[in-house]
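Here's the structure we're looking at; comments come further down.
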Amino acid sequence: MVDKFDIVQVRKDFPILDQQVNGAPLVYFDNAATTQKPQVVIDALNQYYTQDNANIHRGLHTLAERATTGYELTRTKLKDFLNTPSTDQIIFTAGVTAGINLVAQTFGRANFSKGDVILVSNLEHHSNIVPWQMIAQETGAEVQVIPVDEVGVLDMEAYGQLLTSNRVKLVAVNHVSNAIGTINPIKQMIDMAHQVGAKVLIDGAQSVAHFDIDVQALDMDFFVFSAHKLFGPTGVGVLYGKREILESMPPYQGGGEMIKEVSFSGTTYNELPYKFEAGTPNIADVYAFGFALDYLKSLPADAVWEQEKSLLDYATEQLSQIDGLRIVGQAPEKIAVVSFVIDGVHPQDVGVLLDKFGVAIRTGHHCAQPLMARYDIVGTCRASFAFYNTKEEIDLFIKALKRCLMMLS
Ligand code: C6P
């Protein structure tokens, strides 16, 4: 672990950052969509495919053993990273979306019936809305919504009322909003849900990269996230669940690895976590993800948080000075994400023009259309920061934004 946060070194660890895009230095402010990968992760992928590639949990030869050990090592690292009680409560998926669908199709199908309520919030990503709508339609359950206020804070009074006045079986909320950056009070929300016997799924897509998660201290029933937003490869996700809940859930997909014994008269299923990992998994990317976790562990967490907070404050201050610009989402507790709209300008035009100056941001509804509807907007421009970003990059972004606005006026 290094004591000091050395931004020059940190940026060197991410080779992609050092390039020109459209004749300008790349300014990558689309970290909420996906983060960049450190060299150690890229090297691990290369090493896996040049030295260790084999299928896992099957072969008895040396490569199969190496591949299996590498894959399972990441599970062990995740136990430490999330403070799970065991490794077998960590299920590898393809990402947050796959994890939520797994819970909806297994826990949901086994537990929801007519008149039951699934509570989501107005801040959710479509991945934490649509799977619940699908299972609700099948089971007769109903999806209800925790409202959000003008600045982007969930209405906790309304949440309390929804919990006590309805048959809530599950609360599915994000830890942090991808569209506007609000950090939700999940500990309080989990405790309140447990008081009425509801289970809670936390979508950690936007929180894992920014602060420590302790699934036991938070008493989470389910926690899901994607490796690609945590400096790891795409195509890998994690689903954590409490043991008794995971054990009570039927399998999701049938196939190899998830069985104990198969015959035409019946099949018995494997133990956790393999019951939920049918087929050949994404071995190389899971293995490389372990290196992303090591990399993060090597950084001083407080300094990383400070760096992100200072970027958020600086960007907010700079953007607030632009005429006609309004920041959407000004919750007191936010991660380093700034969403904004500008009078008379379509967000998409801003995104396309900024790219001409080498600046990458995301524009549109951010897969959160109900939130856009709440604020009566079609979309926003969203700049999302990671610890490898700098104030100098924010200066380049603001300068480019002003030039874009001149061109659009
Ligand atoms: N948000 C964004 O630009 P997947 O695609 O499964 O890795 O993650 C889905 C997802 C679920 N929940 C939240 C809170 C998210 O932010 C995301 C992904 C990206 O905001 C891509 S839409």
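The values are calculated or read from the model by the stated rules, or taken from the named source; none is laboratory data. Predicted model only: the values in this text are computed from it and were never measured. Just the protein is used for accessible areas: all its heavy atoms, side chains included, with ligands, DNA and RNA removed. Shrake-Rupley method; radii C 1.70, N 1.55, O 1.52, S 1.80 Å.
Tabulated values for the structure
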item	result
Per-residue HN-Hα couplings for segment 295-311 [Karplus 6.51, -1.76, 1.60; θ = phi - 60°; Hz; x = Gly/Pro]	4, 4, 5, 6, 8, x, 4, 4, 5, 5, 4, 4, 4, 5, 5, 5, 5
For segment 111-144 versus segment 261-295, the gap between their alpha-carbon centres in whole angstrom	27 Å
Distance from segment 315-330 to segment 211-234 (C-alpha centre basis), Å	30 Å
Carbon plus sulfur fraction of accessible area for segment 178-320, probe 1.4 Å, in percent	50 percent
Accessible area in the full protein assembly, largest first, 1.4 Å probe, for THR34, THR280, THR380	THR280, THR34, THR380
Diffusion constant of segment 43-297 at 37 °C, which comes from Stokes-Einstein with the Kirkwood Cα-pair radius and 0.692 mPa s, µm²/s	174 µm²/s
Accessible surface of ARG326 - all protein chains present, 1.4 Å probe, nearest 10 Å²	120 Å²
3J(HN,Hα) from dihedral phi, segment 387-399, Karplus parametrisation 6.51/-1.76/1.60, rounded to Hz, x for glycine, proline	5, 7, 7, 9, 5, 4, 5, 5, 4, 5, 5, 5, 4
For segment 141-158, 3J(HN,Hα) per residue [Karplus equation, 6.51 cos²θ - 1.76 cosθ + 1.60, θ = phi - 60°, Hz, x = Gly/Pro]	6, 10, 8, 10, 10, 7, x, 10, 8, 4, 8, x, 9, 5, 7, 6, 5, 4
Heavy-atom accessible area per residue - segment 43-297, 1.4 Å, Å²	40 Å²
With DNA, RNA and ligands ignored, accessible area of TYR375 (1.4 Å probe; Å², nearest 10)	30 Å²
Residues whose placed amide H lies under 5 Å from that of GLN206, excluding near-sequence neighbours	HIS175, VAL176
Where TYR159, TYR49, TYR269 fall by accessible area, highest first, once all protein chains stay in place (1.4 Å)	TYR49, TYR269, TYR159
For ALA172, distant residues with modelled amide H under 5 Å away	LEU119, VAL120, LEU201
Segment 1-137: C-alpha gyration tensor shape, a/c 1.5 cut-off, then a/b vs b/c	oblate
Ranking by accessible area, most exposed first, for GLU247, GLU257 with a 1.4 Å probe	GLU247, GLU257
Accessible surface of SER310 - all protein chains present, 1.4 Å probe, nearest 10 Å²	40 Å²
